[in-house]
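Reading through the structure tokens given below for one structure.
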Amino acid sequence: MTDLAQNLTHGGRELIAFRIGDQEFCVNVMSVREIRGWTPVTPMPHAPSYVLGVLNLRGAVLPIIDMSARLGMKPAEPTVRHVIIVTQARNRVVGLLVEAVSDILTIKDENIQPTPDVSSEFERTFARGILAIEGRMICLIELDAVFPHSESEAA
Amino acid sequence: MDMNEIKEIFFQECEEQLAELESGLLRLNDGDRDPETVNAVFRAVHSIKGGAGAFGLDDLVSFAHVFETTLDCVRSNKLEPNQEVLKVMLKSADVLADLTNVARDGGSVDQARSKQLIRELEALANGSPLPTASAAPAPVPAAKPAAPVAAAPAANDQGFMPVAFSFDEFGGDESDSADQPTYEVVFKPKSDLYTKGNEATLLLRDLSRLGEMSIHCDMSNLPPLEELDPEAAYFWWKISIKTDKGEDAVRSVFEFAEWDCDLEVSEVGDESAVVASDLPMQPVPFDLSALDDEGDASAAMAEEQENLASAQRDEAVAAAETASNVLQMAGNASRAASESAKNAAAAAAQNNAQQASSAVAPTIRVDLDRVDRLINLVGELVINQAMLSQSVIENDNNGTSSINMGLEELQQLTREIQDSVMAIRAQPVKPVFQRMARTVREIADITGKSVRLVTEGENTEVDKTVIDKLAEPLTHMIRNAVDHGLEMPEKRLAAGKSAEGTVKLTAKHRSGRIVIELSDDGAGINRTKVRQKAIDNDLITADANLSDEEIDNLIFHAGFSTADKVSDLSGRGVGMDVVKRSIQALGGRINISSKPGHGSTFTMSLPLTLAVLDGMVVTVAGQTLVVPLTAIVETLQPEAAAIHSFGATQRLISIRNSFCPLVDVGRILNFRSTQANPVEGVALLVESEGGGQRALMVDAIQGQRQVVIKSLEANYTHVPGIAAATILGDGRVALILDVDSVVSASRGHSLQLEASLAAAG
């Protein structure tokens, strides 16, 4: 697991940390294109519940994922204080709705601890490691697993 | 620029030349006897040969050479371009295209076929010789002498023998003239000649190797220094050359400069030399009366003069239409010629005129990516401009400020920019239509049917993406039309029709769309057979009550073929449903109408561009949706009395005494869980595939506008019921409704099911 974590962070050990409820998560800063405020989205018919809808990002149609619902927590009720992290993976650009961006971390690979062996869907699907920073616990998220299309590709 | 790039350009040009060649041959086939058409055809083959020679593509060169030789016989009127001849030539054009493709992409050609055609072409070239004289302007000496030459046989026969000659004889010895004919060459270069890197000196030096010559340079066109265009060509030459190599040899010196200069080559006797020497002072190319006593030879020369005059006229048309400075340098003679050419062009048929103008319109090659980037940017600009004006309107209540007026102008400009950028991608459908001509020929050959393809509206323009995606379904349909639609010649004769079947392909613009029609005059759809087949394949029940139209539309079902035996061409049952799907994928519709005994007509209606769409902006359950305007037949406000319940959940609306199912868009898209009250909303009557009408219920209509289509798939996935997305003036994303999938969902096919099928496929 440590090897995997090392691979994931290879080439950039800067991570962006964000907050959902009372938990903190982080993603590789290299996959983040920008951070913007919440604006109302256009809902999509027949979309999974965690897809809030689509947004106009300077002419591109950007799907917005409610990270809270995606990670199995209660669906967010977006307010103007919510933040959208625009991320890119596999040539697709997707916005992640989170409560707030909390930190930008510079870490070494050895700081990433393997995820504890607990039997939960969340751990297997999204978590790729945990970090202990100043007494806080931050969970490293695998972005590819978050995107809806990667599911259908696997199926 | 490395060799490969140059080669790539050569192949691109080859494609253009091949298209030119084919269209020229087809025009000849239709009875066009304009020498200019023959010249254009000849030129095309000649250019391909020239380029291929430069790259050492020997197969291509040798085939093109034989082809060119035969064409030359047509050009010099030794060979009548009748149906028989043109059939061989069209096939040769196909082989030439194959050879070009092989030269570019590798692979192999049907050697037997090209050898066979070479034999046929040679037979044509040798077959019907007219006993005429020197007028055989083959730029390259033919492998076999094209025809016996009457007036100067000795000279031509000696053509390949080494002959010693002395420069002392300069001045014209009577006895020599008897052996060595004198040629009068008038050589007027155009500035193009110099821009292409040719040089008159070199050409003249080459010419001097053929025999003694005297050169007179005419500088009378030279303007005063202040008016002089340093890039223009002002000088021209009159050369009198004595040679035993024949006129061909003289012409071949100018082979690669031929199209960039006015060239006259004529043989003169001694008595006419005096008259001819006056020539440079006269705009008239030649004094024919001087040759009257030479009988046949002069007749041939007259023809030759005509050819030259028409070549000159062509150049003059080009000159007249491209730039005035070309005119300026072309001198008095061609100015006069251009005048007459202009008149001639005006009198000529419209498509010929278009031909001429399209031939000379200056073009540049641009990467498609760059154009697309520009289109995207302009799309952004349009959206941004709309957002800006909306926010200005919101903050400016009286609406009279100068900002508002400026914005309006901006709006017009952006719209204009958008239109012009879209026009860059628009291309005539001609190349696709030309490819169909070949398909028809090949299938006609295989099936043993005699087929004639008539095309109309080839210059109709449509977005390049549409053109690219049109070729495949069209090929399929043409195959079907020839293979299934048309009957065998005997059967046609028995039915009182001509043995030759006609397939007609037309394109035209109609209300913002391009309509392509493919009709044949065959037997029409055999409805009994189609019906039986559909019953056999469990597409319909045996007692189904279907209208003729519905039966005809059965052929669009997957896995349907009525051909008794499955042929190589069609009948594998992957035909029309694939065609229909690819047309639908382009945002188009396809319809069929058939008359038994009179043939079938397929009508395709396609959007002109895939980038913008005229839509009706509507509200459904609080959401803004865009419905493509082309799908909407009419809109109406339903009255309570017109709504009828039909079973448990269905409702019908009566419109002018016919009942039409109501489809609640909000319900189908899962925007709301209960059906809306139809009386509170608006019904959009839409025409769906298969001819049936449906009334789509929406809450309100906001208005009509042109929207820029944005892909949902780029960052998300395909959404059933939604065709694409767009961005409205307020910056919000609006979804564009996929009317057909919504309608088919209302027929009981679940959208989700379709989605899973799409994912599986």
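Rounded, prolate or oblate for region B:595-649? Axes are the square roots of the Cα gyration tensor eigenvalues, ordered a ≥ b ≥ c, and the cut-off for rounded is a/c under 1.5.
Numbers: a/c = 3.15, a/b = 1.29, b/c = 2.43.
Oblate shape, in that a/c is at least 1.5 and b/c is the bigger or equal ratio.
Apply 1/(1 + (r/R0)^6) to the Cβ-Cβ distance of B:Met488 and B:Arg113, taking R0 = 25 Å, and write down the FRET efficiency to the nearest 0.05.
Details: r = 24 Å, r/R0 = 0.98.
The value I calculate is 0.55.
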Response to the item:
The ³J(HN,Hα) series, computed from each phi in region B:449-454 with the Karplus coefficients 6.51, -1.76 and 1.60 at θ = phi - 60°, rounded to the nearest Hz and given as x for glycine or proline, is 9, 9, 10, 10, 9, 10
Item to complete: Post the alpha-carbon centroid distance, region B:196-271 to region B:449-491, in whole angstrom.
Response: 48
Worksheet item: Is region B:429-607 rounded, prolate or oblate when judged by the Cα gyration tensor, a ≥ b ≥ c being the square roots of its eigenvalues, rounded requiring a/c under 1.5 and prolate requiring a/b larger than b/c?
Response: oblate
Response to the item:
For B:Tyr194, A:Tyr50, B:Tyr183, B:Tyr716, ascending order of other Cβ atoms within 10 Å (fewest first) is B:Tyr194, A:Tyr50, B:Tyr716, B:Tyr183
Discussion item. If I model a spin label at A:Val118 and B:Arg33 as a point 7 Å from the Cα along the Cα→Cβ vector, what separation in nanometres do I get?
Written reply: 9.5
Worksheet item: Roughly speaking, what is the centre-to-centre gap between region B:74-115 and region B:515-542 when only Cα atoms are used, to the nearest Å?
Response: 38
Item to complete: Take the Cβ-Cβ distance between B:Glu80 and B:Arg527 as r, set R0 to 45 Å, and report the resulting FRET efficiency rounded to the nearest 0.05.
Response: 0.45
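With 10 angstrom as the radius, rank B:Trp236, A:Trp38 by how many other C-beta atoms surround their C-beta, starting from the fewest.
Values: B:Trp236 23, A:Trp38 19.
Result, fewest neighbours first: A:Trp38, B:Trp236.
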Worksheet item: Out of region B:27-99, which trypsin sites (Lys or Arg not before Pro) are coil in DSSP terms and have no more than 16 other C-beta atoms within 10 Å?
Response: B:Arg33
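Quick check for me: using +1 on Lys/Arg Cβ and -1 on Asp/Glu Cβ, what's the dipole size of region B:429-607 about its Cα centre, in debye to the nearest 20? Mind showing how you got there, number by number?
Details: 26 positive and 25 negative charges, 69 e Å.
Dipole size: approximately 340 debye.
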Response to the item:
Counted neighbours (other Cβ, 10 Å), sorted fewest up, put B:Leu263, A:Leu57, B:Leu636 in the order B:Leu636, A:Leu57, B:Leu263
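With the Cα gyration tensor of region B:482-525 giving a ≥ b ≥ c as the square roots of its eigenvalues, does the rule (a/c under 1.5 for rounded; else a/b larger than b/c for prolate; else oblate) give rounded, prolate or oblate?
Working: a/c = 3.88, a/b = 3.22, b/c = 1.20.
Because a/c hits 1.5 or more and a/b exceeds b/c, region B:482-525 counts as prolate.
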Worksheet entry | Test item: B:726-737 mean partner chain Cβ contacts at 10 Å | 4
Worksheet item: Want the number for B:Glu639 to B:Thr195: 0.36 nm per residue separation, take away the alpha-carbon distance, what's left?
Response: 152.4 nm
Discussion item. Suppose each label sits 7 Å from its Cα in the direction of the beta carbon; what would the B:Asp538-B:Asn404 distance come out to in nanometres?
Written reply: 6.6
Discussion item. Based on alpha-carbon centroids, what's the gap between region A:75-107 and region B:22-50 in Å, whole number please?
Written reply: 64
Fill in: B:Ala54 paired with B:Val102, simple spin-label distance in nm, labels 7 Å along Cα-to-beta-carbon
2.4
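A short reminder: the numbers here are calculations on the coordinates, not readings from a lab. Just so we're clear, the structure is a prediction, and the values are computed from it rather than from any experiment. Every residue, glycine as well, gets a Cβ built from its backbone with ideal geometry; the counts of neighbours run over all protein chains shown.
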